[in-house]
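K.L.:
Let me give you the structure first, and then I'll get to my questions.
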Amino acid sequence: MSKGVTKQSEDFPKWYTDVVTKAELADYSPVKGSMVIRPYGFALWENMKAALDNMFKETGHVNAYFPLFIPKSFLSKEAEHVDGFAKECAVVTHHRLRATADGKGVEADPDAKLEEELIVRPTSETIIWSMYKKWINSYRDLPILINQWANVVRWEMRTRLFLRTTEFLWQEGHTAHATAEEAEEETLKMLEVYRKFAEEFMAIPVLTGPKTESEKFAGAETTYCIEAMMGDKKALQSGTSHNLGQNFAKAFDVTFQNENNEQDLVWATSWGVSTRLVGAVIMAHGDDKGLILPPKIAPYPVVIIPIFRDDTKDAVMKHTEKITESLKSAGVIFHLDLREKMSPGWKFNEWEMKGAPLRMEIGPRDAENDAVVLARRDTGEKITQNIGKIGEFTANLLNEIQNAMLEKAKIFRDDNTFDIADYDEFKQRNESDGGFYRAGWCGSEECESKVQEETKATIRVIPFDENPSGKTCLLCGKKAKHEVVFSKAY
Ligand SMILES: [Zn+2]
């Protein structure tokens with residue numbers, strides 16, 4: 001380690017990869033496109049997962065687990081769905097290996113060819129709705145509010161750690177409802193859960209609203225999303241919530257007897273976020289020194305580094321213990337870095353790079369003065385503080401950091417969001433500066449795809465707070481149907 005990361009301003013993608021690998025969040029695996037999530041990265045994901053899982057349960061959902069393998073025929077039942085995923089599906093064809101004729105290797109045993117090939121799940125709508133057919137008979141069986149934490153596989157040719165990998169971890173909610181209204185309410189409720197999670201835990205402000213037809217999920221009626229701005233002013237789709245209408249109920253023939261004794265098709269939603277969110281945290285907050293993690297999801301909100309020599313060790317460690325006791329009773333999670341082979345300066349650099357929100361330095365003079373030095377990662381500010389009530393002080397400071405990080409990200413996004421009406425000006429500024437551009441759009445796919453072809457910017461979201469009145473389409477100049485947000489995106 002020790003060698004710094006590439007500067008953001010020099011090469012943002014290289015900065016990103018440097019941070020992911022040097023902060024030991026993830027590593028490349030022997031399988032191209034797949035990643036190994038290392039303990040520090042996994043601890044970050046676990047904290048995010050725990051917070052989300054709480055929020056799902058608070059909104060009435062329960063967890064279950066469905067199989068990794070899906071019969072190939074299931075995928076063809078919903079036409080749009082198969083179109084959307086076919087190109088990236090991994091297919092299992094055999095269930096056994098045998099030694100090759102030369103005895104030097106193994107090959108798929110031709111006698112063990114599967115009668116029906118299996119798909120490694122790219123998403124679980126089909127397998128789940130095949131089960132819902134069994135479980136749903138009457139309105140009394142509804143709603144079903146199930147979430148699954150799982151891995152999925154979407155074969156990717158151009159991969160980037162956390163942002164786009166062939167296998168990734170995620171959660172997928174799959175709900176079944178008696179009415180269209182309930183399904184829409186659920187879709188929006190979960191979008192709001194995602195917004196709240198992004199802002200309150202990841203300290204990332206997000207835009208919310210529906211996607212355009214061409215950007216929606218394969219098989220959905222409407223896809224809503226949370227859309228965030230990264231440090232290079234590109235957008236990252238950070239979570240989606242889909243109203244699936246009756247499409248999957250139709251495909252899997254899932255009907256129920258409603259309260260009027262009539263047979264009706266069930267209404268569905270699905271919603272998900274993935275380990276991509278780890279990438280979002282890295283890119284929304286990081287700086288030239290590395291990661292900056294929000295305290296609420298950081299593996300170690302506080303890292304304590306005692307500084308001593310043989311003759312001062314006892315005094316420093318005694319003092320450190322007083323501090324850790326106080327932190328414990330205030331519920332502050334910390335890591336005590338006692339590695340003896342590394343110098344304090346080396347440790348400072350390492351934890352700075354790994355984005356620990358708060359670093360505590362405890363030396364002999366601090367022990368004498370009943371004090372401790374706290375260094376904020378987000379601002380670089382150093383605070384010398386008496387250790388009386390240090391636990392409470394630290395808990396408050398961590399809250400302050402959490403809020404400051406959200407505020408800073410908000411200001412950055414707002415400073416880089418522009419209203420624009422002139423297409424040539426948009427083209428030029430999108431190219432040179434990046435950012436979010438709010439503009440009118442006539443609603444035609446033709447204009448949407450033309451803009452994408454010519455500028456690489458896509459319509460990220462039709463924001464809930466849109467105001468199309470008086471605006472004209474950025475491309476064709478016709479009366480705007482919507483005000484949308486154009487941006488280049490991950
Ligand atoms: Zn147009």
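K.L.:
Taking every DSSP beta bridge that has both residues in segment 331-455, what percent is antiparallel when rounded to the nearest 5?
P.N.:
75
K.L.:
Quick one: grab the alpha carbon gyration tensor of the chain, order the square roots of its eigenvalues as a ≥ b ≥ c, and give me rounded if a/c is under 1.5, else prolate or oblate depending on whether a/b is larger than b/c.
P.N.:
prolate
K.L.:
Which trypsin sites (Lys or Arg not before Pro) from segment 417-490 combine a DSSP loop assignment with at most 16 other Cβ atoms within 10 Å?
P.N.:
Taking segment 417-490 and a limit of 16 other Cβ atoms within 10 Å, the loop trypsin sites (Lys or Arg not before Pro) found are Lys456, Lys478, Lys481.
K.L.:
Kindly rank 187-200, 83-96 from highest to lowest mean number of other beta carbons found within 10 Å of each residue.
P.N.:
Result, highest mean first: 187-200, 83-96.
K.L.:
Continuing with this model, one more query. To make sure I understand, if each residue's beta carbon is the centre and we count other beta carbons within 10 Å, what order do Trp351, Trp135 fall in, fewest to most?
P.N.:
Trp135, Trp351
K.L.:
If you average the C-alpha positions of segment 455-490 and of segment 50-102 separately, how far apart do those two centres end up, in angstrom?
P.N.:
Going from one Cα centre to the other spans 34 Å.
K.L.:
Another question, then. Where does helix 276-285 land angle-wise versus the long Cα axis of the chain, in degrees 0 to 90, nearest 10?
P.N.:
50
K.L.:
Give me the percent relative contact order of the chain, please, defined on Cα pairs under 8 angstrom at least 6 residues apart.
P.N.:
13
K.L.:
Sticking with this structure for a sec: Only sites in a loop by DSSP and with at most 16 other Cβ atoms within 10 Å count here; which trypsin sites (Lys or Arg not before Pro) in segment 109-175 make the cut?
P.N.:
Arg158
K.L.:
Another question about this same structure. With n ≥ 4 as the cut-off for DSSP H runs, can you work out [θ] at 222 nm for the chain, using -39500 (n - 2.57) per run divided by the number of residues, rounded to the nearest 500?
P.N.:
-10500 deg cm²/dmol
K.L.:
For the chain, give the share of DSSP beta bridges that are antiparallel, in percent and rounded to the nearest 5; count only bridges with both residues there.
P.N.:
The antiparallel proportion sits near 80 percent.
K.L.:
What does the highest-first list of 37-45, 418-426 look like by mean Cβ count within 10 Å?
P.N.:
The peptides rank, most packed first, as 37-45, 418-426.
K.L.:
Additional query: What order do you get for Met35, Met55 when you list them from fewest to most C-beta neighbours inside 10 Å?
P.N.:
Starting with the residue having the fewest Cβ neighbours, the order is Met55, Met35.
K.L.:
Roughly how tilted is helix 344-353, in degrees to the nearest 10 and between 0 and 90, from the longest Cα axis of the chain?
P.N.:
Around 20 degrees separate the two axes.
K.L.:
If you line up the long axis of helix 390-415 against the longest principal axis of the chain, both from Cα atoms, how many degrees apart are they, to the nearest 10?
P.N.:
Roughly 50 degrees between the two axes.
K.L.:
Please go through segment 227-307 and write out the GluC sites (Glu not before Pro) that DSSP classes as loop and that have at most 14 other C-beta atoms within 10 Å.
P.N.:
Those that pass, being in a loop and sparsely packed, are Glu259, Glu262.
Where a number appears in this text, it was derived from the coordinates with a stated rule and is not lab data. Here the structure is a predicted model, which is why all the values come from computation and not from measurement. Note: ideal-geometry Cβ built from the backbone for every residue, glycine included; neighbour counts use all protein chains shown.
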